[in-house]
Amino acid sequence: MSASSYAEFYRRSIDSPEAFWAEQARLIDWQTPPARILDDSRPPFVHWFAGGKTNLCHNAVDRHLAQRADQPALIHVSTETGSERTYSFGQLHEEVQRVAASLRALGVAKGDRVLIYMPMIPEAAFAMLACARIGAIHCVVFGGFASGALASRIEDAAPKVVVSADAGSRGGKVVAYKPLLDEAIRLSKHKPEAVLLTDRGLAPMELNPGRDHLDSDLAAGLKSTDVPCEWLDATDISYTIYTSGTTGRPKGVQRDTGGYAVALAASMKHIFDGRPGETYFSTSDIGWVVGQSYIVYGPLIAGMATLMYEGLPTQGMDRGPDGGIWWQLVQKYKVTVMFSAPTAVRVLKKQDPALLKKYDLSSLRALFLAGEPLDEPTARWISEGLGVPIIDNYWQTESGWPIITLASGVENKQAKFGSPGVPMYGYKVKILHESTGEELTAPNEKGVVVIEGPTPPGFMQTVWKDDDRFVNTYWKSVPGRMVYSTFDWGIRDEDGYFYILGRTDDVINVAGHRLGTREIEECISGHNGVAEVAVVGVADALKGQVAMAFAVPKDSLALTDPARALALEGEVMQRVNDELGAVARPARVRFVSALPKTRSGKLLRRAIQAVCEQRDPGDLTTMDDPTSLQQIRQLVQG
Ligand code: AMP
């Protein structure tokens with residue numbers, strides 16, 4: 001392709017979206033081709049490929065049977081249990097049908113929700129694909145969440161069935177899932193009719209008679225496991241995935257079927273340059289959007305084998321320390337495309353650099369990193385170590401696939417350190433002034449990164465069960481403009497490269513995991529020793545950010561008695577651990593007599609964050625009680 005081809009490619013996607021996406025739609029199989037490519041008659045809602053009928057599972061599995069039934073489809077490696085197994089497309093087809101038949105036996109039909117709360121085991125992928133096969137809406141909840149977080153998601157998704165397992169494992173430590181699930185179901189107003197369980201033999205499970213079923217027992221009693229794909233409308237819901245925002249209540253990001261399949265197929269070709277028969281390795285988790293798009297659906301739709309990994313990046317097959325495990329897997333499975341997060345690379349940076357040279361990594365063409373800002377030293381270190389391009393990509397749970405990156409499958413554009421790149425085809429990315437809504441067109445002016453509609457295929461359809469929340473949260477935050485706000489600050493340089501400068505809202509990013517500070521605050525204020533709390537994200541060299549909590553104790557002794565403070569801090573930490581999960585646990589909980597607020601009572605989280613990061617807290621003229629920030633400064637400096 002010519003040197004300027006990405007610019008042309010992008011232009012066509014914006015000027016002639018129907019022709020552009022009609023062409024991309026040919027990358028997948030349709031039972032009935034779409035009658036209409038784009039319908040945006042009711043903005044900001046967009047319908048892609050209306051009239052078309054397709055199925056995600058067909059495109060990920062069945063479609064490949066003719067050519068590659070015996071080729072690897074799912075490679076599962078667990079350094080937690082020392083297990084390693086490859087499923088061919090033919091075997092994957094059988095496994096998925098078995099789960100589909102089991103779900104059917106439990107009464108699951110098209111449009112029913114199935115909540116999946118699973119560790120990184122093949123059964124999790126089978127369950128997702130089985131739902132897609134029968135038109136059930138899956139809702140995967142990250143296995144690191146505990147019962148409180150799980151309960152609120154069960155209540156919102158109202159699943160007919162929950163699919164789970166006895167336990168997960170992290171760093172050799174078994175985490176029993178079943179008691180957490182039982183507690184979540186007890187807390188939730190909605191009760192699922194059935195629970196389908198995989199027993200890994202890691203933790204004892206008590207089965208609730210009539211409700212709980214072991215997958216092996218249920219499958220053994222099935223008359224037939226032949227379950228054909230249900231042809232779905234392109235606009236039918238494929239899944240929801242919860243993400244954090246400004247309020248404590250998580251939002252169910254809802255995606256369609258046809259648009260998502262096309263978006264993933266197109267991204268595998270133009271962005272990831274992944275080819276059929278090759279191996280894709282994403283180190284994410286199925287509970288996050290990257291896992292949905294690029295552990296399960298994307299690579300399989302492209303006819304690639306996907307490597308699903310359970311374990312730490314520093315743990316070997318013998319469960320002993322091994323900082324080279326990922327590179328060993330790249331060599332063994334001839335991985336061509338790898339996807340990870342900057343945090344993971346920062347962990348590996350502490351390992352012996354010789355580990356990068358120990359294995360034959362010649363199959364690898366590129367390493368993609370996403371989820372948080374990629375700092376230059378980390379990018380340089382891994383780029384020099386691997387000798388392949390490191391491609392930063394910026395996106396969100398809401399988008400489902402990269403918004404800003406480099407489309408190496410179209411043109412090899414030069415990367416710039418610190419920038420994920422340029423807007424991807426289909427995305428009209430702009431920088432607006434946060435209060436006037438005016439577009440900032442001069443280079444390097446800081447504003448809010450927004451997307452102008454119509455949003456491309458694969459982008460969220462709406463917030464599950466709440467169109468108003470979708471419109472009000474995302475499309476009405478910039479005055480006078482109906483644009484989608486990413487809630488990220490950014491700038492664009494003179495060459496059109498974007499730089500992302502952090503969130504405009506109360507979302508924090510801990511080790512690439514997106515967490516809402518409000519959800520953590522609500523959990524902490526539920527402790528009966530706490531009167532009030534503020535949680536902020538503070539810069540951390542390894543994890544990007546960590547959560548830091550400042551609480552006003554009900555018993556003022558915790559302010560003066562270090563032993564009391566320590567005990568209360570421990571209790572609060574434990575509460576977050578038990579309710580939300582260890583990912584959300586603050587690094588510290590400090591006690592203060594008052595929190596910095598404006599005179600109208602709004603918490604000054606950004607000022608607290610600035611003080612924690614030893615930055616200037618900015619204009620404090622509206623602050624009620626200046627000593628409150630002073631207390632925080634003393635605690636942090638002390
Ligand atoms: P999530 O929805 O969990 O994928 O988190 C999305 C958020 O993570 C974005 O809104 C950004 O704040 C941040 N993010 C994701 N990718 C990048 C990136 N490549 N550079 C900077 N920030 C990123």
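Considering only strands (runs of 3 or more DSSP E) fully contained in region 319-425, which possess at least 1 residues that are within 11 Å of the ligand (Cβ to nearest atom)?
366-370, 390-393
Exactly one condition in (1) within 12 Å of the ligand (Cβ to nearest atom); (2) in a loop (DSSP other than H, G, I, E, B) is not met by VAL448; state its number.
If we test VAL448 against (1) within 12 Å of the ligand (Cβ to nearest atom); (2) in a loop (DSSP other than H, G, I, E, B), just (2) comes out false.
Being open to solvent by 40 Å² or more (accessible area, probe 1.4 Å) and farther than 18 Å from GLU522 by Cβ narrows it down to one of ALA594, ALA563, ALA582, so name that one.
Only one candidate qualifies: ALA563.
Give the residues of region 566-587 that are modelled with pLDDT of 95 or more and touching a Phe, Trp or Tyr at 6+ places or on another chain (Cβ under 9 Å), sorted by residue number.
LEU568, GLU569
Looking at region 523-608, what strands (runs of 3 or more DSSP E) fall wholly within it and have at least 1 residues that are among the charged types (D, E, K, R)?
Numbers: elements: 530-540, 544-553, 588-591.
Once the strands (runs of 3 or more DSSP E) in region 523-608 are filtered for at least 1 residues that are among the charged types (D, E, K, R), what remains is 530-540, 588-591.
Looking at GLY277, GLY287, GLY252, GLY298 in this structure, which one is part of a helix (DSSP H, G or I) and not hydroxyl-bearing (Ser, Thr, Tyr)?
GLY298
Out of contact with any helix residue (DSSP H, G or I) (no Cβ under 7 Å at 6 or more places or on another chain) and buried (at least 24 other Cβ atoms within 10 Å of the Cβ): which single residue out of ILE295, ILE237, ILE241 fits that description?
ILE295
If you scan region 79-136, which residues turn out to be touching a strand residue (DSSP E or B) at 6+ places or on another chain (Cβ under 6 Å), in a helix (DSSP H, G or I), within 23 Å of THR283 (Cβ to Cβ) and not aliphatic (A, V, I, L, M)?
PHE89, PRO122, GLU123
Looking at region 597-630, which of the residues that are in contact with a strand residue (DSSP E or B) (Cβ under 6 Å, 6 or more places away or on another chain) and either open to solvent by 50 Å² or more (accessible area, probe 1.4 Å) or not hydrophobic (A, V, I, L, M, F, W, C) (or both) is modelled with the lowest pLDDT?
Ranking the qualifying residues of region 597-630, first place goes to THR622.
With the requirement that a residue be out of contact with any Lys or Arg (no Cβ under 6 Å at 6 or more places or on another chain), outside any strand (DSSP E or B) and crowded, with 18+ Cβ neighbours inside 10 Å, what does region 186-213 give you?
The answer is SER188, PRO192, ARG200, LEU202.
Looking at (1) more than 20 Å from PHE126 (Cβ to Cβ); (2) open to solvent by 60 Å² or more (accessible area, probe 1.4 Å); (3) out of contact with any Pro (no Cβ under 9 Å at 6 or more places or on another chain), can you tell me which one LYS223 breaks?
So LYS223 meets the others, but not (1).
Suppose the filter is touching a Phe, Trp or Tyr at 6+ places or on another chain (Cβ under 8 Å), within 16 Å of the ligand (Cβ to nearest atom) and at pLDDT 95 or above; does ASP493 pass it?
Answer is yes for this residue.
Just a yes or no: is a residue in region 547-567 within 16 Å of the ligand (Cβ to nearest atom) and of a type outside the set (A, V, I, L, M)? Outline the logic, then answer.
Here is the first cut: in region 547-567, the ones within 16 Å of the ligand (Cβ to nearest atom) are 547.
When the remaining residues are screened for being of a type outside the set (A, V, I, L, M), the result is none.
No, because not a single residue in region 547-567 is within 16 Å of the ligand (Cβ to nearest atom) and of a type outside the set (A, V, I, L, M).
Pairs needed: first member in region 508-522, more than 14 Å from PRO373 (Cβ to Cβ); second member anywhere, within 9 Å of the ligand (Cβ to nearest atom) and polar (S, T, N, Q); C-beta distance under 9 Å; at least 6 residues apart or different chains.
LEU515/SER244; LEU515/ASN509; GLY516/THR243; GLY516/SER244; THR517/SER244; ARG518/SER244; GLU519/SER244
Show the residue pairs that are 6+ apart or on different chains and have beta-carbon atoms under 6 Å apart, the first residue being within region 389-418 and open to solvent by 30 Å² or more (accessible area, probe 1.4 Å), the second being near the ligand (Cβ under 8 Å from one of its atoms).
none
Assuming SER525 fulfils every condition listed in (1) farther than 26 Å from SER284 by Cα; (2) touching a residue at least 40 places away in the same chain (Cβ under 8 Å) apart from one, which condition is it?
All conditions pass for SER525, except number (2).
Answer with yes or no whether ASN509 is within 10 Å of the ligand (Cβ to nearest atom), open to solvent by 10 Å² or more (accessible area, probe 1.4 Å) and not in a loop (DSSP other than H, G, I, E, B).
Taking the combined requirement at face value, the residue satisfies it.
The values are calculated or read from the model by the stated rules, or taken from the named source; none is laboratory data. Owing to the predicted nature of the structure, the values given are computational and were not obtained by experimental measurement. We place every Cβ from the backbone using ideal geometry, glycine too, and count neighbours over all the protein chains shown. Quick note on the areas: whole protein, heavy atoms, side chains included, nothing else; ligands and nucleic acids left out. Shrake-Rupley method; radii C 1.70, N 1.55, O 1.52, S 1.80 Å.
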